[in-house]
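The values are calculated or read from the model by the stated rules, or taken from the named source; none is laboratory data. The structure displayed is predicted, hence computed values, not measured ones. Backbone-built Cβ (ideal geometry, glycine too); neighbour counts: all protein chains shown.
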Amino acid sequence: TKAHVAAVEAARPLNAYVLETPEKALDMAAASDARIAKGEAGPLEGAPLGIKDLFCTQGVRSTACSKILGNFVPTYESTVTGNLFGDGAVMLGKLNMDEFAMGSSNETSAFGNVINPWKSAASGNKALTPGGSSGGSASAVAADLCLGATATDTGGSIRQPAAFTGTVGIKPTYGRCSRWGVVAFASSLDQAGPIAKTVEDAAILLTSMAGHDPKDSTSLDVETPDFSQYVGKSVKGLRIGVPKEYRVDGMPAEIEKLWQDGIDWLREAGAEIVEVSLPHTKYALPAYYIVAPAEASSNLARYDGMRYGLRADGKSLTEIYENTRAEGFGNEVKRRILIGTYVLSAGYYDAYYLKAQKVRRRIADDFDQAWQSCDALLTPTAPSAAFALGERMADPIAMYLNDVFTVTTNLAGLPSISVPAGLDSGGLPLGLQVIGRALDEATVFAVAGALE
Ligand code: GLN
């Protein structure tokens, strides 16, 4: 813990942490030592972790990296972080992220962008994004500023930053991890999960984070297996599906090649490769960017200047609401609220929101169909390597397109992991994604372990 506290301090220019909690960390580590001395060590005893600022942490400022939450200090602990700390983990601090987890580059944070520790001489050593929204989590793990980190994934926010930083990130099945105490973005899509250095670490962390929670009505009442026992298991005889619709136009040849390498590695390891079709893939991104903003506009209605954080002046209650929201929300969040209220409004609801829900059903059906002929799917995680900071901020559509391979599994609720699988010609990490059946993280971890 001491070494990590020092590393965090030394790496402030990366801006991965928005709040350092060194005293709390050292206290927690001392309590860990005491438990170890008594022979009562938990499975994560003394492991120093970073916590994405979307998780409410008792007595520790939690802002979702939005000005509107101001200095909000929760009086309660999220179930997921409570599970980790209950198993002995130590908190080093709160990690930077896109505001309310809306973004793919960590540039919408009220605390400023995060820098990816990876650089490419081929592109002039420009500062690169670590991806988003869990950019702080990914950057901190990649730069050894924690042993592992919590993250959340609504449309790719665990997996794409993992791919951009050469780390491992898994979004479990919807309902595996409790959403209680996690600031809501789009409730039917949000899932917590870990970002870690290895597949095994990710499995150990997820085993601790997961579990039924009566405080979240969408939490699944199922046993949590020890996921780490599946890492290193043979993939012999497993059928791995390769969805042809993921060969999108404009995908860099290097990513196409990496995908082929992954297919070859799994075949050599004894898996059977089958081509599958997920015909509604091309509608996933537009459907996601209707459903997610719709739910966000509803979830974010609670930030009214009365209950949490920031409160702006105004002559009437309505004016206080308006001024607080105008001042407190950043541009991307406002864009999502506008899109969300529009697609939910009378007259447009059927044309947009209802249609998007139908598409969502079709996408889930596509996966169900695919499971007839395969046990897991292999795809790239993102259509590019880490891009330069600032490069896509002026063009929201270009930013949204980066989520093309990740949003499908949020819409269908399926587990999916990103594993570092190689470097591009500029020396930047690229990730491969493994998707599994609902609640079959076991197979996902086995295949990910074989790719590592
Ligand atoms: N990039 C996607 C978005 O901006 C996904 C974000 C996430 O998974 N939290 O909505």
| The listed residue being over 27 Å from Thr408 (Cβ atoms) and surrounded by 19 or more Cβ atoms within 10 Å (Cβ to Cβ), out of Leu310, Leu278 | Leu310
| note | In the set Ala271, Ala370, Ala294, the lone residue that is within 16 Å of the ligand (Cβ to nearest atom) and small (Gly, Ala, Ser) is Ala294
| request: Kindly list, by first and then second residue, each pair from a residue in segment 347-368 that is over 16 Å from Ser188 (Cβ atoms) and touching a residue at least 60 places away in the same chain (Cβ under 8 Å) to a residue that is surrounded by fewer than 18 Cβ atoms within 10 Å (Cβ to Cβ) and charged (D, E, K, R), limited to pairs with Cβ atoms under 9 Å and residues at least 6 apart or on different chains. | output: Asp366/Glu245
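Matching residues to (1) in contact with a strand residue (DSSP E or B) (Cβ under 8 Å, 6 or more places away or on another chain); (2) assigned to a helix (DSSP H, G or I); (3) under 20 Å from Gly103 (Cβ atoms); (4) modelled with pLDDT of 95 or more:
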residue	(1), (2), (3), (4)
Ala292	no, yes, yes, yes
Ser298	no, yes, yes, yes
Ala301	no, yes, no, yes
Tyr308	no, no, no, no
| task | Given the conditions (1) surrounded by fewer than 24 Cβ atoms within 10 Å (Cβ to Cβ); (2) farther than 20 Å from Ile435 by Cα, report the number of the one that Leu220 does not fulfil. | result | (2)
| request: Within segment 80-105, count every residue that is polar (S, T, N, Q) and either more than 18 Å from Val182 (Cα to Cα) or out of contact with any helix residue (DSSP H, G or I) (no Cβ under 7 Å at 6 or more places or on another chain) (or both). | output: 3
| request: Find all pairs meeting these conditions: Cβ atoms under 8 angstrom apart; at least six residues apart or on different chains; first residue within segment 195-224 and at pLDDT 95 or above and assigned to a loop (DSSP other than H, G, I, E, B); second residue surrounded by 18 or more Cβ atoms within 10 Å (Cβ to Cβ) and among the acidic types (Asp, Glu). | output: Ser219/Asp213
| Count of segment 183-202 residues which are out of contact with any Pro (no Cβ under 9 Å at 6 or more places or on another chain) and away from the ligand (no atom under 16 Å from the Cβ) | 5
| query | Does segment 291-305 contain at least one residue that is in contact (Cβ under 8 Å) with a residue 12 or more places away in the chain and basic (Lys, Arg)? | reply | no
| Just a yes or no: is a residue in segment 318-330 surrounded by fewer than 16 Cβ atoms within 10 Å (Cβ to Cβ), within 30 Å of Lys126 (Cα to Cα) and within 16 Å of the ligand (Cβ to nearest atom)? | no
| request: Among residues belonging to segment 122-171 that are within 16 Å of the ligand (Cβ to nearest atom) and on the phi > 0 side of the Ramachandran plot, point out the one that is nearest to the chain's Cα centre (by Cα). | output: Gly156
| task | Output the number of the condition that Ala398 fails; it satisfies all remaining conditions of (1) at negative phi; (2) surrounded by 18 or more Cβ atoms within 10 Å (Cβ to Cβ); (3) within 15 Å of the ligand (Cβ to nearest atom). | result | (2)
| task | Please give the number of the condition Thr81 fails out of (1) within 16 Å of the ligand (Cβ to nearest atom); (2) touching a residue at least 60 places away in the same chain (Cβ under 8 Å); (3) under 28 Å from Asp33 (Cα atoms). | result | (1)
| When you scan segment 311-398 for helices (runs of 4 or more DSSP H) that lie fully inside it, which ones turn up with 3 or more residues that are within 24 Å of Ala284 (Cβ to Cβ)? | 331-344, 355-370
| Residues within segment 101-121 that are crowded, with 24+ Cβ neighbours inside 10 Å and more than 15 Å from the ligand (Cβ to nearest atom), tallied | 1
| Among the candidates Ala41, Ala3, residue that is part of a helix (DSSP H, G or I) and either among the polar types (S, T, N, Q) or at negative phi (or both) | Ala3
| field | All positions within segment 31-89 that are within 22 Å of Val8 (Cβ to Cβ) and β-branched (Val, Ile, Thr) | value | Ile51, Thr57, Val60, Thr63, Val73, Val80, Thr81
| field | Residues being of a type in the set (S, T, N, Q) and more than 18 Å from Val90 (Cβ to Cβ) - total across segment 11-66 | value | 3
| request: Tell me, yes or no, whether segment 269-290 has at least one residue that is at pLDDT 95 or above, part of a helix (DSSP H, G or I) and under 20 Å from Lys67 (Cα atoms). | output: no
| field | Count of residues meeting criterion [of a type in the set (D, E, K, R), under 23 Å from Ala142 (Cα atoms) and assigned to a helix (DSSP H, G or I)] in segment 6-23 | value | 2
| Residue among Leu389, Leu430 that alone is of a type outside the set (S, T, N, Q), touching a residue at least 12 places away in the same chain (Cβ under 8 Å) and either within 14 Å of the ligand (Cβ to nearest atom) or surrounded by fewer than 24 Cβ atoms within 10 Å (Cβ to Cβ) (or both) | Leu389
| From the set of residues in segment 400-411 that are of a type in the set (A, V, I, L, M) and within 16 Å of the chain's Cα centre (by Cα), which is farthest from Ser187 (Cα to Cα)? | Val404
| message | So Leu414 ticks every box in (1) more than 16 Å from the ligand (Cβ to nearest atom); (2) hydrophobic (A, V, I, L, M, F, W, C); (3) not in a helix (DSSP H, G or I) but one. Which box is left unticked? | response | (1)
| said: Regarding segment 104-126, can at least one residue be identified that is closer than 29 Å to Thr224 by Cβ and hydroxyl-bearing (Ser, Thr, Tyr)? | reply: no
